[in-house]
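The values are calculated or read from the model by the stated rules, or taken from the named source; none is laboratory data. Since this is a predicted model, take the numbers as computed values, not measurements. We place every Cβ from the backbone using ideal geometry, glycine too, and count neighbours over all the protein chains shown. Surface areas here come from the heavy atoms of the whole protein model, side chains and all, with no ligands, DNA or RNA. Shrake-Rupley method; radii C 1.70, N 1.55, O 1.52, S 1.80 Å.
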Amino acid sequence: MIKIYNTLTRKKEDFVPINDKEVKMYVCGPTVYNYFHIGNGRTFIVFDTIRKYLEYRGYDVKFIQNFTDIDDKMIKRANEENSTVKEVGDKYIEEYYKDADGLKLKRATVNPRATEYMDEIIEFVEALIEKGYAYEVDGDVYFSTKKFDEYGKLSGQNLDDLQAGARINVDERKNDPMDFAIWKAQKPGEPAWKSPWGMGRPGWHIECSCMSYKLLGETIDIHAGGSDLVFPHHENEIAQSECRTGKPFAKYWMHSAFLNVNNQKMSKSLNNFFTAREVLEKYDAEVVRFLMLSAHYRTQLNFSSELLDSAKSSMERLYNAVFNLENLLKEVKSENFTHSEKEYVKTLDSYREKYIEKMDDDFNTADGISTIFDLVRDVNTNINAESSKELVKYALGLIRELGKPLGILENSTQNDLEAHVEKLIEDRQNARKERNWALADKIRDDLKAQGIVLEDTPQGVRWHLKND
Ligand code: AMP
Ligand code: ZN
């Protein structure tokens, strides 16, 4: 049974979706005014992994992640780039997909853009006014927080606490300082849409309430985002959605912790960020994913090149095992499981069980990864050229299987192998030029120990695997 820590109840709960094996999941996506940074990337990787793990456990996941393509930052960027908000959105959505694909994020079922849901958003605002939860003042529409008794339930604070803690500008036009805008009247030079309250644009919170409602229905299973979204964004989404439908908005609320730099949140405003593409230029996507998933998603994680390097060598250790098994497949002499190997398969299966137990416990990827290492250690000591082909295949399949929900161990080792060998051949040639015969011989011997034979031919150095 999967357990999820629910921000709403502050407890780990059994995960029971509304419809049997179907999961309706909504993740708040990026504002598309710039390339996303690797802090945003952590949140995307975390929820991509959770989605993939749910799929691994047999669920059919409808995964919605929106693009916020109209807000102050979008307007500012359009002015800076001398273009329109639409053009800025088009451009950075295209760039988003490049980086998201680069991080091996599975494409969402739908990535709705707020500006494509204007009619629905206006209808949502109208419904709230009709029901008495919202009011218009000079072309702005505000949500009346006092009308919703349960306001504050997600952040675990009542209205008075929230008001004391919030830095709110006194605004004479609002009935209450905690009321928030769900529709904003057009200011000069701003893009605007026609509405019953004049030209204007939606507030950020109403967009997510509306797109979730349109694409997934009244009550969804999981609503997720970074922990900075608990208040006010998600609190306000709950108020709007539950007042409109009279039903619970989401069963489980999930929030991932920040990626930090020197213990401070990575963010554009602090200018302490690295874009995802900068990081991907230097490190493989799987190394980045390994790093992000080596901590539990609810604990903060400090980002550093040291940690990336250590993630890289951890991934190399895993790939070495995969590489060795793939080579063993070419060497082994017998086909089928022996009697004792059938027993050993039970040991191997126990790692799958342990992995599932850890991952079922609120997606403990850190322990899931440790379990893969335990499996690999066991395989390294117990599987060799005397093993059957069936056993080697089984072990290989299991290692790759457990990597899949995490988005690791999906690369072919053959490309890596070629790069690895070519690099060593070059090192050996350089050593020879420098008349460092000892080093040249050592490289040759090391490669031989890995099953790679070098041949010096008049056309240059050739290489092949020992048993080709
Ligand atoms: P934004 O484009 O700022 O709206 O952020 C998109 C997503 O990234 C949201 O779910 C944020 O909570 C999340 N996010 C922003 N900064 C960080 C960070 N430093 N670490 C983890 N998640 C973040
Ligand atoms: Zn949202």
Label-point separation (nm) for SER305 and LYS146, each offset 7 Å from Cα along Cα-to-Cβ? 5.7 nm
If the reach is capped at under 17 angstrom between alpha carbons, list the lysines near LYS404, excluding any in the same chain fewer than eight residues apart. LYS52, LYS104, LYS106, LYS354, LYS358, LYS393
Hand me the tally of lysine pairs in the range 196-288: alpha carbons under 27 angstrom apart, and the pair either on different chains or 8 or more positions apart. 4
Hits among lysines - C-alpha to C-alpha of LYS442 under 16 Å, sequence gap 8 or more where chains match: LYS423, LYS433
Among residues other than GLU116 whose Cβ falls under 13 Å from its Cβ, what is the net charge (Lys/Arg +1, Asp/Glu -1)? -2
Ranked highest first by the average count of other Cβ atoms within 10 Å around their residues, in what order do 255-263, 59-67 fall? 59-67, 255-263
Output wanted: per-residue J couplings in Hz (rounded whole) for the range 338-355, from phi through Karplus 6.51 cos²θ - 1.76 cosθ + 1.60, θ = phi - 60°, x for Gly and Pro. 8, 4, 5, 5, 4, 5, 5, 4, 5, 4, 4, 4, 5, 6, 5, 4, 5, 4
Per residue, how much accessible area does the range 341-468 show when a 1.4 Å probe rolls over the protein heavy atoms, in square angstrom? 54 Å²
Percent of alpha-carbon pairs separated by more than 17 Å within the range 416-465: 27 percent
Highest first, please rank the peptides 74-86, 174-186 by the mean number of other Cβ atoms sitting within 10 Å of their residues. 174-186, 74-86
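Which whole-number value in Å² is the accessible area per residue of the range 113-230, probe 1.4 Å?
47 Å²
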Once Lys and Arg get +1 and Asp and Glu get -1 on their Cβ, which of LEU398, ASN436, LEU447 lies farthest toward the positive end of the dipole of the range 356-451? ASN436
Can you give me the distance in nm between label points at ALA166 and LYS106, each placed 7 Å from the Cα along the Cα-to-Cβ direction? 3.7 nm
Per residue, how many Å² of accessible area does the range 1-76 show with a 1.4 Å probe? 35 Å²
Of all the accessible heavy-atom surface of the chain, with the other protein chains kept in place and a 1.4 Å probe, what percent is carbon and sulfur? 47 percent
Take each of the peptides 158-166, 95-103, 358-366, average the number of other beta-carbon atoms within 10 Å over its residues, and list them starting from the highest. 358-366, 95-103, 158-166
Based on alpha-carbon atoms only, what is the radius of gyration of the range 175-324 relative to the globular estimate 2.2 N^0.38 Å? 1.41
ARG57 versus LYS333, label points 7 Å from Cα toward the beta carbon: distance in nm? 4.6 nm
Helix-derived mean residue ellipticity, 222 nm - over the chain, DSSP H n ≥ 4, -39500 (n - 2.57), to 500: -15500 deg cm²/dmol
Helix 204-216 axis, angle to the chain major axis (alpha carbon atoms, nearest 10°): 70 degrees
Let me spell out the model: positive unit charges on the Cβ of Lys and Arg, negative unit charges on the Cβ of Asp and Glu, origin at the Cα centre of the chain. What dipole size does that give, in debye rounded to 20? 580 debye
For the range 160-264: rounded, prolate or oblate by the Cα gyration tensor [a/c cutoff 1.5]: oblate
Classify the chain as rounded, prolate or oblate, taking a ≥ b ≥ c as the square roots of the eigenvalues of its Cα gyration tensor: rounded when a/c is under 1.5, otherwise prolate if a/b is larger than b/c and oblate if not. prolate
Inter-part gap, Cα centre of the range 86-151 to Cα centre of the range 335-356, in whole angstrom, is 50 Å
Per-pair calculated FRET efficiency, R0 = 35 Å: TRP437 and ASP374 via Cβ, rounded to 0.05: 0.25
For the range 309-406, shape from the Cα gyration tensor axes a ≥ b ≥ c, cut at a/c of 1.5 then a/b versus b/c, turns out oblate
Specify the inter-centroid distance of the range 192-254 and the range 430-455, based on alpha-carbon positions, in whole Å. 63 Å
What FRET efficiency would be calculated for the residue pair ASP445, GLU353, taking the C-beta separation as r and a Förster radius of 45 Å, to the nearest 0.05? 0.65
